[in-house]
Amino acid sequence: MKTNHSQEVNFDFIATRLKEFRVKKGYSNYEHLAYEIGISRSQYGRYEKGANMKLSTLFKILEFLEVSVEEFFKGIDEYNS
């Protein structure tokens, strides 16, 4: 499935937010977080680079990071502008 520009921007936003919240949670290295959650480090690394993921995976990560969906997506409208 080919992505359009809007989707790429949204994936970039998600990647940026994943990294921000990971660091806020005290994980300087994404590999340690991936291990704690039970996701392969290579796959989690792709998520932080903007790869597509299942919503269930995003929800699993957000639950671990103790971040609500609303908080995570706050600012996406401005990011897309």
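We did not get these values from a lab; they are worked out from the coordinates using the rules stated. None of these values were measured; they are calculated from a predicted model. Every residue, glycine as well, gets a Cβ built from its backbone with ideal geometry; the counts of neighbours run over all protein chains shown.
Against the longest principal axis of the chain, how steep is helix 55-65, in degrees 0 to 90 to the nearest 10, with axes from Cα atoms?
50 degrees
Lysines within cross-link reach of Lys74: Cα-Cα under 24 Å, excluding same-chain residues under 8 positions apart?
Lys74 reaches Lys19, Lys24, Lys25, Lys49, Lys54, Lys60.
Give me a comma-separated list of calculated 3J(HN,Hα) values for the range 34-39, in order, Karplus coefficients 6.51, -1.76, 1.60 applied at θ = phi - 60°, integers in Hz, x for any Gly or Pro.
Along the range 34-39, the couplings run 4, 4, 4, 7, x, 10 Hz.
Once phi is turned into ³J(HN,Hα) by the Karplus curve 6.51 cos²θ - 1.76 cosθ + 1.60 with θ = phi - 60°, what whole-Hz value does each residue of the range 9-15 show in order, with x for glycine and proline?
Rounded to whole hertz, the list is 5, 5, 5, 4, 4, 4, 4.
How high is the relative contact order of the range 5-76? Use alpha-carbon pairs under 8 Å, at least six apart in sequence, and give a whole percent.
Rounded, it is 37 percent for the range 5-76.
Provide the net charge surrounding Phe59, with neighbours chosen by a C-beta distance below 14 Å and charges set as Lys +1, Arg +1, Asp -1, Glu -1.
Net of charged neighbours comes to -1.
What number results when the radius of gyration of the range 5-76, computed over Cα atoms, is divided by 2.2 N^0.38 Å?
1.00
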